[in-house]
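Undergrad: Here it is, the structure in full.
Just so you know, all these numbers are worked out from the coordinates, no wet-lab data involved. From a predicted model like this one, the values you see are computed outputs, not experimental measurements. Note: ideal-geometry Cβ built from the backbone for every residue, glycine included; neighbour counts use all protein chains shown.
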Amino acid sequence: MSLQIPHHDINLEPSMSKPPDFNRQSVLMHTERGFKSEVISIVPLTTQEKLFHIRICDPCERENFTFLPGQFVMLELPGCGEVPISISSSTSNKEFIALCVRKVGKVTGMLHRLKQGAIVGIRGPFGTHFPMEKMVGYNILLIAGGLGIVPLRSPIYWTKEHRSDYKDITVMYGAKEPGQILFDYQFEEWRKIYGLKMLTIVQEAGENWNGRVGLITELFKEVTIDPDNTFAIVCGPPVMFKFVCGHLSNLGLPRQRMFVSLERRMHCGMGKCCRCNVGSTFTCLDGPVFDYWTVMNLKEAI
Amino acid sequence: MLFRTITKENFRKMVEALMENNEVIGPKWRDRDTEGNKIYRFLKLNTFDELQMDYTRSYSSPKNYFLPFKEDLSTYRLEDKDWEQEIHYTIHPRVIIGMRACDINALLKLDQVLVKSAYPNPHYVARRRNTLIIGLDHEPLEDCFCRSMNSDTAFHGFDLFLTDIGEKYFVAINSDTGYMIVNRFDAREVAEDDQRRYKEVKGRIETKFKTQVDVTIVPELMDLEFESDVWKKWGDKCLSCGSCAMVCPTCYCYGIEEHTNLTFTKATKRRVLYSCNLLDFATVAGGHNFRPEAHIRLKYRYYHQFRGFVEAFNQSLCVGCNRCGKACLAGISPKVVIDDLIETEKR
């Protein structure tokens with residue numbers, strides 16, 4: 001007498017026959033399947049950073065790909081590796097997404113060697129977003145340090161496209177030195193067309209720098225913040241969070257109206273690999289965007 | 001739940017029948033330790049006699065039949081500028097015999113993460129749905145503290161669960177497949193005498209738990225005693241070898257490795273189980289390590305097990321099997337660390 005245990009082929013599940021939709025988190029899908037995407041252009045920004053414009057090849061997958069400001073994707077070079085990169089373009093741009101990558105490790109080093117037309121894989125979008133919907137009717141303060149300006153471009157585009165929803169919008173941007181300022185070619189447009197107040201500062205002035213010199217907190221002297229009517233988005237190195245968010249707290253801005261974006265090592269983006277564990281949770285699922293109250297409750301978050 | 005009894009002779013026939021068409025995994029005797037105790041592992045069975053129904057504890061957990069140490073998540077065919085991705089799921093049916101209640105509860109905890117929360121993992125789901133689980137009761141060992149972790153009994157998560165009541169097994173049936181199988185081997189309705197003997201065995205097991213770990217206040221303690229010297233005391237002994245995670249029935253963290261062949265025509269994306277105690281667990285590109293010291297990494301291992309997982313799923317990740325305590329070369333075990341932590345709080 002022989003016994004055969006029944007087979008269960010999960011490929012036959014209805015959701016498995018479709019391309020993955022990472023916005024539907026609870027559905028069983030091919031979570032390892034990346035969307036094949038073409039690098040349509042590469043913009044060198046500084047010696048270390050390049051901006052990649054990436055277009056999902058398949059028209060259906062491209063149409064289905066939607067994200068919110070502050071979310072990230074896993075960018076994969078098959079055979080080389082996969083890295084989490086925050087999306088730095090407008091949520092309304094259905095044609096391509098922009099990813100700014102600093103050359104710092106093995107995969108990013110290889111990405112910097114890519115040429116226009118290369119095919120990469122992206123999975124996502126993943127993570128939490130800056131809650132632009134909650135900020136309607138408020139002033140918005142966007143504060144970026146160094147590479148922190150990259151994830152802020154998405155909310156900046158958002159405010160342009162929904163300008164009447166918000167009151168005063170101020171962008172404060174600090175960099176180490178003038179040569180490291182990213183996207184300076186857009187600042188004039190942000191001021192004139194987006195109607196943003198734009199303040200920049202550098203820590204070490206070069207020869208041709210006529211602007212402000214000092215730490216980013218210096219910029220607070222130039223703006224009046226109404227703590228009852230303001231949301232803040234802060235993005236930059238952890239040390240900056242302490243000073244900037246500390247200052248804003250002292251002004252009376254509730255911690256639940258301050259949002260920061262954290263960075264950790266990630267291998268999956270889906271709460272499975274545990275590598276981005278911060279305090280009691282994971283950066284990829286409950287972050288990367290956290291409100292400052294949550295950050296204060298997460299051990300060693302900053 | 002339905003209950004039946006099956007004679008040991010019929011159980012033997014059942015296992016042999018299962019072995020004919022399916023891969024059957026069970027506890028096998030592999031070696032002896034330095035003290036002469038037998039070392040068991042869950043391995044593929046070729047004959048019924050290899051199955052050690054009286055085994056004590058397997059050195060590593062049967063988790064790896066659901067989460068292999070190494071697993072290819074996808075492969076790529078690389079062509080000139082283009083590539084094609086291929087993904088295959090393991091779907092051949094498998095039977096695992098002899099899993100303990102703690103190991104079954106461990107699987108249920110893994111299910112919380114890998115099936116029931118965001119982004120179910122298809123590789124895990126495929127294995128889970130194609131595995132028939134036959135559990136087995138045992139008398140607890142000296143250092144088992146599964147009772148403290150509420151994992152000493154399994155109510156679901158298995159197909160059949162056996163309790164030895166002499167010349168018969170008392171069988172709890174939890175799936176139609178399981179029901180069909182035992183019925184083909186002359187499973188009988190539970191007689192009054194069988195039930196009495198079953199209760200006796202269960203009662204004896206209850207009295208045998210020697211190790212207790214009080215975990216009721218541990219989630220709060222993890223925050224209150226975050227800066228405690230206890231972490232440094234035990235963390236400084238930690239060799240950061242990751243043995244604890246390798247034998248743990250619930251550790252699931254991993255790293256991704258990508259490889260290409262020498263001619264750059266094929267690439268593989270491979271998941272390799274990792275450990276949060278390994279030095280580079282939280283190292284980011286550029287070299288910054290968020291957890292540079294062994295004691296910080298050890299603390300976070302406990303923080304995840306007894307605090308983070310509790311917050312997410314209202315239960316701790318640890319099942320109390322003490323495999324990590326046995327495997328640890330530095331003598332660190334949950335029992336001693338948590339007792340120490342509670343002691344510090346009292347002082």
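Undergrad: Given the options A:Lys167, A:Lys18, A:Lys94, which has the most mean-square fluctuation in a GNM of chain A, springs set between C-alpha atoms less than 10 angstrom apart?
TA: Of A:Lys167, A:Lys18, A:Lys94, the most mobile in the Gaussian network model is A:Lys18.
Undergrad: Could you tell me the distance between the Cα centroids of the range B:131-146 and the range A:40-118, to the nearest Å?
TA: 49
Undergrad: For B:Gln112 and A:Arg113, FRET efficiency with R0 = 30 Å and r from the beta-carbon atoms, rounded to 0.05?
TA: 0.10
Undergrad: When a/c is below 1.5 the answer is rounded, else prolate if a/b is larger than b/c, else oblate, so apply that to chain B with a ≥ b ≥ c taken from the square roots of the Cα gyration tensor eigenvalues.
TA: Taking the square roots of the gyration eigenvalues as a ≥ b ≥ c, chain B is oblate.
Undergrad: What residue among A:Glu13, A:Glu204, A:Glu49 shows peak mean-square fluctuation when chain A is described by a Gaussian network model with Cα springs under 10 Å?
TA: Evaluated over chain A, the most mobile residue of the options is A:Glu13.
Undergrad: Among the lysines, select those whose C-alpha is under 18 Å from the C-alpha of A:Lys134, and discard any that sit fewer than 8 residues away in the same chain.
TA: A:Lys160, A:Lys167
Undergrad: Give me the one-decimal nm value for the distance between modelled label points at B:Tyr59 and B:Thr207, 7 Å along each residue's Cα-to-Cβ direction.
TA: My value for the distance between the label points is 3.5 nm.
Undergrad: Please report the spacing between the Cα centers of the range A:239-275 and the range B:75-112 in Å, no decimals.
TA: 34
Undergrad: Let me ask something else. Checking the a/c ratio against 1.5 first, then a/b against b/c, what shape does the Cα gyration tensor give for the range B:97-233?
TA: oblate
Undergrad: Also, I was wondering about something else. If you stretched the chain out fully between B:Val190 and B:Glu227, how much longer would it get, using 0.36 nm times the residue separation minus the C-alpha to C-alpha distance?
TA: 7.8 nm
Undergrad: Ok, one more. If amide hydrogens are placed 1.01 Å from N in the peptide plane, which non-local residues have theirs closer than 5 Å to the one on A:Val171?
TA: A:Leu142, A:Lys197, A:Met198, A:Leu199
Undergrad: Say we join alpha carbon atoms closer than 10 Å with springs in a Gaussian network model of chain A; which of A:Thr224, A:Thr159, A:Thr47 then has the biggest fluctuation?
TA: Fluctuation is largest for A:Thr224.
Undergrad: Still on this structure, please answer the following. Using a 10 angstrom Cβ neighbour count of at most 10 plus a DSSP loop assignment to flag exposed GluC sites (Glu not before Pro), which longest range of chain B is free of such sites?
TA: B:228-347
Undergrad: Okay, moving on. Under a point spin-label approximation (7 Å from Cα along Cα-to-Cβ), what is the B:Glu345-A:Phe187 distance to one decimal in nm?
TA: 5.3
Undergrad: Assuming a ≥ b ≥ c are the square roots of the Cα gyration tensor eigenvalues, decide whether the range B:4-84 counts as rounded (a/c under 1.5), prolate (otherwise, with a/b larger than b/c) or oblate.
TA: The shape class here is oblate.
Undergrad: May I pose another question? In chain A, which cysteines lack any other cysteine Cβ under 4.7 Å from their own?
TA: A:Cys57, A:Cys60, A:Cys80, A:Cys100, A:Cys235, A:Cys245, A:Cys276, A:Cys284
Undergrad: Let me ask another. What number of lysine-lysine pairs in the range A:26-125 show an alpha-carbon separation below 16 angstrom, given a sequence spacing of 8 or more or placement on distinct chains?
TA: 6
Undergrad: Per DSSP helix of 4 or more residues, -39500 (n - 2.57); summed, then divided by the residues of chain B. What does that give at 222 nm, rounded to the nearest 500?
TA: Calculated from helices alone, the mean residue ellipticity at 222 nm is -9000 deg cm²/dmol.
Undergrad: Give the residues of the range B:290-311 whose amide nitrogen is closer than 20 Å to a point set 7 Å from the Cα of B:Lys237 in the direction of its Cβ.
TA: Hits in the range B:290-311 for B:Lys237 at 20 Å: B:293-306.
Undergrad: Enumerate the amide H contacts of A:Met29 below 5 Å, restricted to partners 5 or more residues apart or on another chain; note that Pro and chain-start residues carry no placed amide H.
TA: Correct list: empty.
Undergrad: So if each residue of separation counts as 0.36 nm, and I subtract the Cα-Cα distance between B:Glu167 and B:Lys326, what length gain in nm does that give?
TA: Gain on extension, B:Glu167 to B:Lys326, equals 54.0 nm.
Undergrad: Suppose R0 equals 25 Å; then what is the FRET efficiency for B:Arg129 and B:Asn21 from their Cβ-Cβ distance, rounded to the nearest 0.05?
TA: So the FRET efficiency works out to roughly 0.90.
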